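Okay, structure first, notes after.
The values are calculated or read from the model by the stated rules, or taken from the named source; none is laboratory data. Nothing here was measured: the structure is a model prediction, and the numbers come from that model. So basically every Cβ, Gly included, is an ideal-geometry build from the backbone, and we count neighbours across all protein chains shown.
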Amino acid sequence: MKRKLILAKILAVISAAEFAVMILINKLDISPGPVQYLADVVLLAIILTPILFFWIIRERISKESAEKSLFSSEARLQSFMGQSLNSQTALNSILKIALEDVSLHDKLDKTLRELFALPWLSIQSKGAIFVAETIGGVLRMEVQRGLSDFLLTSCVRVPFGKCLCGKAALAAKPVFAAHIDERHDITYDGILPHGHYCLPIMFSGKVHGVLNLYIEDGSVRNDGDEAFLISVADIIGGMIQRTKIEEQLHQAQKMEAVGRLAGGVAHDFNNVLTTILSGGTFLLNNLTQSDPNREDVNEIIAAGRRAAR
């Protein structure tokens, strides 16, 4: 469309110039033959030279811009592929941790150390993993690395909605802070400047905890890092849910064992009662009505029947 518009403008300019030359020739009373042809050639040269020059420069600039854009796209693609490969490798390592036959505490601690060992991830070697308590809407610090003594005391239990971790749990959404701001409800004199990624640990739409990581003060939110950390938080959610299921299964197995024990005891007890009742009845039938022991035997039989109910 733009090229057609430019071509139309060029033709309009040539036509206008040609018309001006014809008027000039008529006014000067010059023969239109050779002079008109020469004027046409000169006029076309004057008009087309800057246009051709402009077109050549524009094509060269467009080519250079396209090459720069291509190189930039290739660089971004290589960077994205490299980060994707790094992320997938790290996630595979954390998935292996999730399958280990160790306690939840040990799994979370290993996961935290795995994150801090990634050279391409823009976080500090400080942070914690909180697990949501079953009742009360409270986060309990399960593992941590590098936290101050004040935070180890103040953040051992954090209610939903308090400070950055509690806000991430309450909203069930990631919370990012580039600086210490008004959302930091828990702070102290002398605290070093820093930022945070706080990722809710989710499973089946339910908050099971929060992954809290420190970043340099003034850091810019990185979509790639955040997407990776959300994936890590999802894996941790699977770890916590699996642990809960295993605990429920273990409790059910314990209850089943208690039930079997109680059933065995009841069976043995009933056997004893049957013997007592049978013996008491036999003894009662062999006593005379005037025998003073009849009252005692009746008490034994009555007690046995009460126990059998």
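Determine whether K244 is among the charged types (D, E, K, R) and within 15 Å of the chain's Cα centre (by Cα). Considered against the rule, which asks whether it is among the charged types (D, E, K, R) and within 15 Å of the chain's Cα centre (by Cα), K244 comes out as no.
Say we look at the stretch 122-137 and pick out the residues that are out of contact with any Gly (no Cβ under 7 Å at 6 or more places or on another chain) and within 27 Å of D225 (Cα to Cα); which of these is surrounded by the fewest Cβ atoms within 10 Å (Cβ to Cβ)? Across the stretch 122-137, the extreme among qualifying residues is S122. Among the residues of the stretch 202-221, those that are of a type outside the set (A, V, I, L, M, F, W, C) and assigned to a loop (DSSP other than H, G, I, E, B) comprise S204, G205, E216, D217, G218, S219, R221.
If you go through the stretch 138-188 and pick out every residue that is β-branched (V, I, T) and either buried (at least 18 other Cβ atoms within 10 Å of the Cβ) or in a strand (DSSP E or B) (or both), you end up with 4.
Scanning the stretch 129-154 for residues that are closer than 23 Å to K244 by Cβ, modelled with pLDDT under 95 and not charged (D, E, K, R) turns up T134, I135, G136, G137.
Quick check on the stretch 175-188. Is at least one of its residues over 28 Å from L85 (Cβ atoms), within 18 Å of the chain's Cα centre (by Cα) and among the aromatic types (F, W, Y)? No, the conditions are met nowhere in the stretch 175-188.
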